[in-house]
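For reference, the structure is listed below as structure tokens.
The values are calculated or read from the model by the stated rules, or taken from the named source; none is laboratory data. Everything numeric in this text was worked out from a predicted model, so none of it was measured. Neighbour counts are summed over all protein chains in view; Cβ atoms, including those assigned to glycine, are modelled from backbone coordinates with ideal geometry. Side chains included, ligands, DNA and RNA excluded: accessible areas come from the protein's heavy atoms. Shrake-Rupley method; radii C 1.70, N 1.55, O 1.52, S 1.80 Å.
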Amino acid sequence: MTTLKVPEMHCNNCVNRITKALTAADLKFEVSLENKTVTIDGCDSCVEKAISELDDLGFSAERQ
């Protein structure tokens, strides 16, 4: 499991957009608005795919 910090995540709309994109990308993940994190369950390739998807949505993502 890899946790990504997503500082621009501010509301449930952000969570919904992220959830929709990562689900469409066929990734296993958990989103935490409280911690402003997305936890990816998968290999490095999955993590890179998630970072790319988040970037496409306008969110920066940093590995913790």
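Quick look at the values:
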item: Rule-of-thumb Rg ratio for the chain [Cα; 2.2 N^0.38 Å; N residues]; result: 0.94
item: About the Cα centre, charge dipole magnitude for the chain (Lys/Arg +1, Asp/Glu -1 at Cβ), debye; result: 140 debye
item: Accessible area expressed per residue, the chain, with surrounding protein chains retained (probe 1.4 Å, Å²); result: 61 Å²
item: Whole-number percent relative contact order across the chain, with pairs defined as alpha carbons under 8 Å at least 6 apart; result: 47 percent
item: Fraction of accessible area attributable to carbon and sulfur, the chain (%, probe 1.4 Å); result: 44 percent
